[in-house]
Structures are given as C-alpha cells and as structure tokens.
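Just below is one structure, and these are the notes that go with it.
The values are calculated or read from the model by the stated rules, or taken from the named source; none is laboratory data. If you're wondering where the values come from, they're calculated on a predicted model, not measured in any experiment. Every residue, glycine as well, gets a Cβ built from its backbone with ideal geometry; the counts of neighbours run over all protein chains shown. SASA here: full protein model, heavy atoms, side chains in, ligands and nucleic acids out. Shrake-Rupley method; radii C 1.70, N 1.55, O 1.52, S 1.80 Å.
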Amino acid sequence: MLELKNIRKYYNAGTVHEMCMFHDFSMKIEEGEFVSVVGSNGSGKTSLLNIICGSIPLDSGSIFINGEDITHMPEYRRQRRIGRVYQNPAMGTCPSMTILENMSLADNKGRPFNLRRGTDKKRIDFYREQLQSLGLGLEDKLYVKVGVLSGGQRQAMALLMSTMTEIEFLILDEHTAALDPKTAETIMELTGKVVREKKLTTVMVTHNLRYAVEYGNRLIMMHQGQAILDEAGEAKKAIRIQDILDKFNEISIECGN
C-alpha cells in the first residue's frame, strides 16, 4: 500500500510567485489498484507523481510504502521499488546504447555492477523472449542502437525495462501523450497486459479520457491540488467520458473561464 499523509508542497516559496500546490493532502493507494489520474494543467497530477518518486522534496508530510516511511529516501533508492515511464520516449532508454545494452542495464537495476562485463550472455535469450512479447520485432534488433528506433518502439521498451525487476509500483506519466493515435493504442494494450500479468499496483496520469475510463479500477480527478473525484470498483465502472467532461466544464465555470 502507498500512503501520502498531510502532504504540503509550495513552489517559489517566499517570493511573489509563491504557489501552494498541496495543502494537507492525503491519499491511500491499495495493493493491486490501477489508478487513472486526470485533471487540467496545473492541477497537481505530475507533481503527485514526482512526490511519490522522490523527484521533488516535500515541505511537510509523510510518504509510506507498506508501512515503511520513505519520506526522506532519495529518488535513486525509490527506483528500486518504483518503475516509471515518462511522457518523453527518450527519457526511459539510452539512445547511444544498443537494445541489448539497455536491457542489461534494466535487468541489473539496483545491483552493484562491480568489475565485470555489463552484459551477461546467459541472459540474452531471456531478453529476446521479453522483447518478443512486445510484438514489435525488437528481438531481432538486439545490436541496433535505441536512438534509431521510433518513439513507440522506445516507449514499449521503456515500459518493459521499468518492469523487468521486481517493483512494488508502476508510475505512468502521460506515457502515450507524445505518440500518434495508433501507436498510443498499441502502448496502452501493452500496458494493460503488463499490469495484469505482473499484478502491478499502478498510477497512470493521462489526458486521454477514454483511457482513463477504460483502464484501471479507480479514477481520480485532480484540481488545485485536491482530489475532487475519486471513484473505485463498480462506481468507477459506471463512469462515462461525458461524466468527466461535465466535471471539467463545472470547474471551468467556477473558475470563470
């Protein structure tokens, strides 16, 4: 279980541009949940992910994973327990290295490399098998540099690499936003498959309302650092895209837009 307790986060504190993003914000995400998070720009979606992953510090509050306080745990240590796929396909892979080398890096996440070869030849067949599961033909391109792959191929690799080692949470930060519609559909199908097969607790931020409705068993809408909509189980299944659009329109009217 992931728990955020009484989170406070200010940007530009002490200046005329000071902004309070979260004020005593709390949330629990149970083991096995697939949470879709929507909201307008500046609502706190990405800040929420950055706080969970340790990319930005808190002003106050606590973060727990399965009862363990990780509030002051550095980002690199959290990455051993949390897999993350970013919006930009270039951020999840190393373009100057081959597919094989990228796979090897992901396979050894959190382990000391010491003075030995970076790639274990005994694992190559395993890497081919993992890549084959993507259905993109990457298993036949092990020695091709990742930088020449398409955005969709790189994002599929990033998804696979982030879940190769045992993790407790998968964080998806608008991971289809930079892709064309057809490729985005492919990545979402792969996402659903990976989450189901590995039984991963997942938090997905998305601007695609259809994905938010179709995927996951819990839906949260953020606005000004608060969860103004939080539905799970059967209530989440009953939500339609129009319901979310109506909520967006309601917020827009309240804000005078």
Protein-only accessible surface order, largest first, of V144, V16 at 1.4 Å: V16, V144
Built amide H within the under 5 Å cut-off of H223, gap 5+: I228
Peptide ranges 186-195, 231-240 listed from the most packed, as the mean C-beta count within 10 angstrom indicates: 186-195, 231-240
Candidate residues Y86, Y127: accessible-area rank, largest first, probe 1.4 Å: Y86, Y127
Dipole of the chain, positive direction: furthest Cα of V195, P95, G135, with charges on the beta-carbon: P95
P(r), alpha carbons of segment 1-58 - 10 Å bins starting at zero, rounded %: 20, 53, 23, 4, 0
Relative contact order (%) - the chain, alpha-carbon pairs under 8 angstrom, separation at least six: 26
Computed accessible area, H23, all protein chains, 1.4 angstrom probe, square angstrom: 90
Among L209, M161, I244 - extreme Cα towards positive end, dipole of the chain, charges at beta-carbon: M161
Under 5 Å, built H, 5+ apart or other chain: amide partners of S60: R8
Per-selection metrics, segment 54-143 (Cα): Rg and Dmax in Å: 16.5, 49
Cα gyration tensor shape for the chain, rounded if a/c is under 1.5, else prolate or oblate: prolate
Rounded to 5, percent antiparallel among DSSP beta bridges of the chain: 55
GNM flexibility winner over the chain from N41, N217, N88 (Cα, springs under 10 Å): N41
Rounded to the nearest 10 Å², the accessible area of M222 at probe 1.4 Å: 0
Relative contact order [Cα under 8 Å, 6+ residues apart], segment 143-254, whole percent: 20
Ellipticity estimate at 222 nm from DSSP helix runs (n ≥ 4, -39,500 (n - 2.57)) divided over the chain, nearest 500: -9500 deg cm²/dmol
3J(HN,Hα) from dihedral phi, segment 62-79, Karplus parametrisation 6.51/-1.76/1.60, rounded to Hz, x for glycine, proline: 9, 10, 10, 10, 6, x, 8, 6, 10, 3, 9, 6, x, 4, 5, 6, 5, 5
Estimated dipole of the chain in Debye, rounded to 20 [Cβ of Lys and Arg +1, of Asp and Glu -1, Cα centre]: 1000
Chain lengthening between Y143 and N66 when straightened (0.36 nm per residue, less Cα-Cα): 23.8 nm
Gyration tensor verdict on segment 54-96 (Cα atoms; rounded if a/c is under 1.5, prolate if a/b is larger than b/c, oblate otherwise): prolate
Cα-only radius of gyration and Dmax that characterise segment 18-104, units Å: 15.3, 46
Interchain or long-range residues, amide H under 5 Å from F34's placed H: T202, N217, R218
Fraction of accessible area attributable to carbon and sulfur, the chain (%, probe 1.4 Å): 49
Per residue convex hull volume, Cα atoms of segment 174-252, in Å³: 107
Accessible area per residue, Å², the chain with all protein chains present, probe 1.4 Å: 51
